[in-house]
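J.: First, the structure itself, so that you have it in front of you.
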Amino acid sequence: MIWTKTGRQPQDVGAGIGLRLPHLAEVLDTKPDVPFFEVHPETFLANPHATELLLAIADRYPVSVHTVGVSIGSASGLDRAHMARVKRLVDLVNPVLFSGHVAWSTHAGDYLNDLLPLPYTEESLTLLARHITQVQDAFERRYLLENPSSYLGFADSTMTEPEFLSALVERTGCRLLCDVSNVYLSAHNMGFDAEAYLDALPGEAVAELHLGGFEAEADERTPGTTLLVDTHGTRVADGVWQLYEYAVSRFGPVPTLIERDNDIPDLGTLIAESQLARPHASRGLAKQYVHTQ
């Protein structure tokens, strides 16, 4: 099946922002200069007033929908009732992009407030490919998969993360959401080269980039070292901006989003940070010829 449904495309190489409940009314009142917004649909399912505001925003701006509860890595299968609720909202919003995580968050009917990792094995690949196909068929849209933030590896993994993601793209026709901050964080924690990771992804499949904040904590396993923890509660780090330039040189001017889910600042602060993406994206595009030789 070919999935073609999509909303209006962003017309700006700058970054969009995550749209959270405290800012809905202000966005409608002030109409800020933002290329697009991204929402978590689960926060709207039991909030009809917020949904009404969201639909008014979707009439004016491109909106991306980023699911956090679909749990494509769940061994017990997908929650069809939850998917049906999300689909009703997605069809109303008609998003420009539709995405979720390479993770699992449900077990025995219970939802866990976390995005838990999977081993990169043929068994996991078969499971996720089946679930991605089911999601894309149910929603009639391509699903973008976001790479996780990593703190440990599985001894029984038989492929690297880029190999695993590439295989999912090949088997399902899905696309990738490259979280540049997660690549930076995971490279630090796991000891791999972040630019080599980006080089190993299928560039034509990357349809969105994410940027977010993290915090450094002492690594109790190795005294004197730090572990970077994905919090989405701080500004984007300088090192991530540099890696973002490399990602743009690799993947081109795909939509970019600034994520903030904790310690959410005022709307003006979020917009100011999103505008920082423009000069970095421009520098990345100026370097793009390196990847086209």
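The values are calculated or read from the model by the stated rules, or taken from the named source; none is laboratory data. Nothing here was measured: the structure is a model prediction, and the numbers come from that model. Every residue, glycine as well, gets a Cβ built from its backbone with ideal geometry; the counts of neighbours run over all protein chains shown.
J.: Across region 149-176, which residue is surrounded by the most Cβ atoms within 10 Å (Cβ to Cβ) among those that are in contact with a Pro (Cβ under 6 Å, 6 or more places away or on another chain) and not polar (S, T, N, Q)?
T.: 169
J.: Continuing with this model, one more query. Failed condition for residue 238, given (1) within 27 Å of residue 190 (Cβ to Cβ); (2) at pLDDT 95 or above; (3) surrounded by 14 or more Cβ atoms within 10 Å (Cβ to Cβ), with all others met?
T.: Only one criterion in (1) within 27 Å of residue 190 (Cβ to Cβ); (2) at pLDDT 95 or above; (3) surrounded by 14 or more Cβ atoms within 10 Å (Cβ to Cβ) is unmet by residue 238, namely (3).
J.: Pull up region 145-168, narrow it to residues that are in contact with a Phe, Trp or Tyr (Cβ under 8 Å, 6 or more places away or on another chain) and of a type in the set (Asp, Glu), then point me to the one that is farthest from residue 64 (Cα to Cα). If you could, list the steps in order and put the result at the bottom.
T.: Applying the first criterion (in contact with a Phe, Trp or Tyr (Cβ under 8 Å, 6 or more places away or on another chain)) to region 145-168 yields 149, 154, 157-164.
Add one more test, that the residue is of a type in the set (Asp, Glu), and what stays is 161, 163.
Working: 161: 25, 163: 26 Å.
Checking each candidate, the answer is 163.
J.: Search region 233-271 for residues being acidic (Asp, Glu) and either assigned to a loop (DSSP other than H, G, I, E, B) or in contact with a Cys (Cβ under 6 Å, 6 or more places away or on another chain) (or both), and hand back the single one that is farthest from residue 283 (Cα to Cα).
T.: Once the filter is applied, the top-ranked residue is 263.
J.: List every residue pair whose Cβ atoms lie under 6 Å apart, where the two residues are 6 or more positions apart in sequence or sit on different chains, the first residue falls within region 15-30 and is under 17 Å from residue 41 (Cα atoms), and the second residue, located anywhere, is crowded, with 22+ Cβ neighbours inside 10 Å and among the hydroxyl-bearing types (Ser, Thr, Tyr).
T.: Close Cβ pairs satisfying both conditions: 17/274.
J.: Among what's in region 219-233 and is surrounded by 11 or more Cβ atoms within 10 Å (Cβ to Cβ) and of a type outside the set (Ser, Thr, Tyr), pick the residue that is farthest from residue 257 (Cα to Cα). Explain how you work it out, then say what you get.
T.: Of region 219-233, the ones surrounded by 11 or more Cβ atoms within 10 Å (Cβ to Cβ) are 219, 225-233.
Among the residues that remain, those that are also of a type outside the set (Ser, Thr, Tyr) are: 219, 227-230, 232-233.
Numbers: 219: 29, 227: 24, 228: 20, 229: 19, 230: 16, 232: 12, 233: 14 Å.
Top of the filtered list is 219.
J.: For the structure I just gave you, tell me whether residue 23 is modelled with pLDDT of 95 or more, surrounded by fewer than 20 Cβ atoms within 10 Å (Cβ to Cβ) and either of a type in the set (A, V, I, L, M, F, W, C) or within 28 Å of residue 147 (Cα to Cα) (or both). Please lay out each step first, then the result.
T.: On the way: modelled with pLDDT of 95 or more: yes; surrounded by fewer than 20 Cβ atoms within 10 Å (Cβ to Cβ): no; either of a type in the set (A, V, I, L, M, F, W, C) or within 28 Å of residue 147 (Cα to Cα) (or both): yes.
It is false that residue 23 is modelled with pLDDT of 95 or more, surrounded by fewer than 20 Cβ atoms within 10 Å (Cβ to Cβ) and either of a type in the set (A, V, I, L, M, F, W, C) or within 28 Å of residue 147 (Cα to Cα) (or both).
J.: Okay, next question. Could you please give the count of residues in region 87-109 that are farther than 18 Å from residue 146 by Cα and either of a type in the set (A, V, I, L, M) or in contact with a helix residue (DSSP H, G or I) (Cβ under 9 Å, 6 or more places away or on another chain) (or both)?
T.: Summing the residues that are farther than 18 Å from residue 146 by Cα and either of a type in the set (A, V, I, L, M) or in contact with a helix residue (DSSP H, G or I) (Cβ under 9 Å, 6 or more places away or on another chain) (or both) in region 87-109 gives 8.
J.: I've got another one for you. Exactly one condition in (1) crowded, with 18+ Cβ neighbours inside 10 Å; (2) closer than 18 Å to residue 149 by Cα is not met by residue 205; state its number.
T.: The single condition residue 205 does not satisfy is (2).
J.: What number of residues within region 19-39 are in contact with a strand residue (DSSP E or B) (Cβ under 6 Å, 6 or more places away or on another chain), assigned to a loop (DSSP other than H, G, I, E, B) and not aliphatic (A, V, I, L, M)?
T.: Residues that pass the stated criteria total 2.
J.: Then there is this: Does residue 256 satisfy being of a type in the set (Val, Ile, Thr) and free of Cβ contacts under 8 Å to residues at least 60 places away in the same chain?
T.: When the stated conditions are applied, residue 256 does not pass them.
J.: Something else: Consider region 196-230. How many of its residues are in contact (Cβ under 8 Å) with a residue 24 or more places away in the chain, under 16 Å from residue 184 (Cα atoms), of a type in the set (A, V, I, L, M, F, W, C) and not in a strand (DSSP E or B)?
T.: 3
J.: Among the numbered conditions (1) within 22 Å of residue 18 (Cβ to Cβ); (2) hydrophobic (A, V, I, L, M, F, W, C); (3) free of Cβ contacts under 8 Å to residues at least 24 places away in the same chain, tell me where residue 187 comes up short.
T.: (1)
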